[in-house]
Amino acid sequence: SVWSCLLFCAVETKSYHRCSFFFERLQTYGSASSKDFGNMVRYASSTSNWRLALSLIDEMHKAQVEVDSVVYNTVLAACVSAEQLDQARKLLDQMVAAGGVTDVITYNTLAKGYAKSGRMDMCFELYNLMRSRGLSPSQVTYGILLDGFINDNEVEKAVEIFNTMRAEGCQMNTVLYTTLIKGFARAGQVDQAMQIYEEMRKERSMQPDVITFSILIKANCDVGRLEEALKMLLAMKEAGLKPDEVVFNNLLGGCINDQKLELAKDLYKEMIASNVKPSVATFSILIRLYAQCKRWDEALDLLRQELPAQKVSPEPRLYGQLAQCCLRDRQGRRASEVYKLLTETSTPTAAMNSTLLGMCAKLDTGAEIMHLAAEANSRVDPRDAAMMLEAALRKKKPQVMGLLKEAMVKLNLPVHA
């Protein structure tokens, strides 16, 4: 009918506000067909209306219109997307009772919902149920189980699933291998992760991808195996894959523990030469390394020169990080330099000022930071200022007291000492 055509067009053009009206009109002039109900189910699914989707199935049963697997699976997916897993399970039971309408997609859809919600016991039960009903799990099924168990840190169960897949001759792929590698890496079992990588390399039908290498590089760096991580970088490039920012950041982070400053510089140069744009995270890692190696001038140059050169946003937290590193090492003058550099790009927050003032081992450093904060129209907590002033009074530092009072006046803070 004309109304059926209009309903179909409304769904196709996503004019969802018209669908209910067209459906009511077509029912006024006749019975809705299975295609009409199918279009309404598509509308309900597209608008995340799981209640409407379920009611349409009830309506189809009452009208004795056949409900096929596509409609059932679409409604099931709508329930899962809305996190209505109990409703989805009831619908699965209805589908089983109806006979002939459940397939691997049905079970995978619900299994994915269970895995996402952390209900891996129900996910595994569903996997056993589908097998008992004569359905063979697919790559997607195994992928859902692997990923779910890995996310739940149940590596042993993930290995069990992986071995079952291979024993049953399931077609393996890069994603499945990488998921298991991720599980071992997350559990700190780097040797096992590397073993799976070696097995993966022997498979002719697949090869590690950027994500595989990224996980292995990070895992090796995390346990201090920088040389192994560098071998992974080389293997990655030999495979024709381009390292991304995450890979370089992990390698730079791996240089920190052993203070491999020159190696880090070489990696950073390679990063820039490869047209991989560094991020705030990259510079944060480099600041940690430079501070650990006590290369304060070079750390300052990162903020002063390299940030603008690479067009990276001068986020205040980078300056705060370096200033705190300086203060921990009693480098008060350099901390003041960093703070002054910060005031040239943004206004320090009261929270940052509080943190830095609380770390100042020397009162004149605190006074200098207070003075710079006043010049930048920043805010300082009155309690922090009072604490500094009381300390200067207690230690009989009249010159520092004068600087503090001057800064407090500019900051519109009460001066009681």
>> Is it the case, given these coordinates, that residue 113 is surrounded by 18 or more Cβ atoms within 10 Å (Cβ to Cβ) and of a type in the set (Gly, Ala, Ser)?
In response: yes
Residue 144 meets each of (1) over 23 Å from the mean Cα position of the chain (by Cα); (2) closer than 16 Å to residue 104 by Cβ with one exception, condition (1)
Within the range 213-230, the count of residues that are closer than 19 Å to residue 184 by Cα and open to solvent by 70 Å² or more (accessible area, probe 1.4 Å) comes to 4
Out of (1) open to solvent by 10 Å² or more (accessible area, probe 1.4 Å); (2) outside any helix (DSSP H, G or I); (3) more than 15 Å from residue 218 (Cα to Cα), the one residue 257 does not meet is (3)
Only one of (1) over 26 Å from residue 11 (Cα atoms); (2) assigned to a helix (DSSP H, G or I) does not apply to residue 87, and that is (1)
Counted residues in the range 188-218 being within 18 Å of the chain's Cα centre (by Cα) and not in a helix (DSSP H, G or I) come to 0
Looking across the range 264-284 at residues that are part of a loop (DSSP other than H, G, I, E, B) and open to solvent by 20 Å² or more (accessible area, probe 1.4 Å), the single one that is nearest to residue 229 (Cα to Cα) is 274
Filter the range 361-415 for residues that are surrounded by fewer than 18 Cβ atoms within 10 Å (Cβ to Cβ) and among the β-branched types (Val, Ile, Thr); the one that is nearest to the chain's Cα centre (by Cα) is 409
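Kindly provide the set of residues from the range 285-315 that are under 19 Å from residue 259 (Cβ atoms) and either assigned to a loop (DSSP other than H, G, I, E, B) or of a type in the set (Ser, Thr, Tyr) (or both), ordered by number.
290, 293, 294, 295
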Restricted to the range 62-85 and to residues being in contact with a helix residue (DSSP H, G or I) (Cβ under 9 Å, 6 or more places away or on another chain) and more than 20 Å from residue 46 (Cβ to Cβ), the residue most open to solvent (accessible area, probe 1.4 Å) is 66
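The values are calculated or read from the model by the stated rules, or taken from the named source; none is laboratory data. Keep in mind the model is a prediction, meaning the values are calculated, not measured. Quick reminder, even Gly has a Cβ in these numbers, built from the backbone with ideal geometry, and neighbours come from all protein chains shown. With ligands, DNA and RNA removed, areas are computed over all heavy atoms of the protein, side chains included. Shrake-Rupley method; radii C 1.70, N 1.55, O 1.52, S 1.80 Å.
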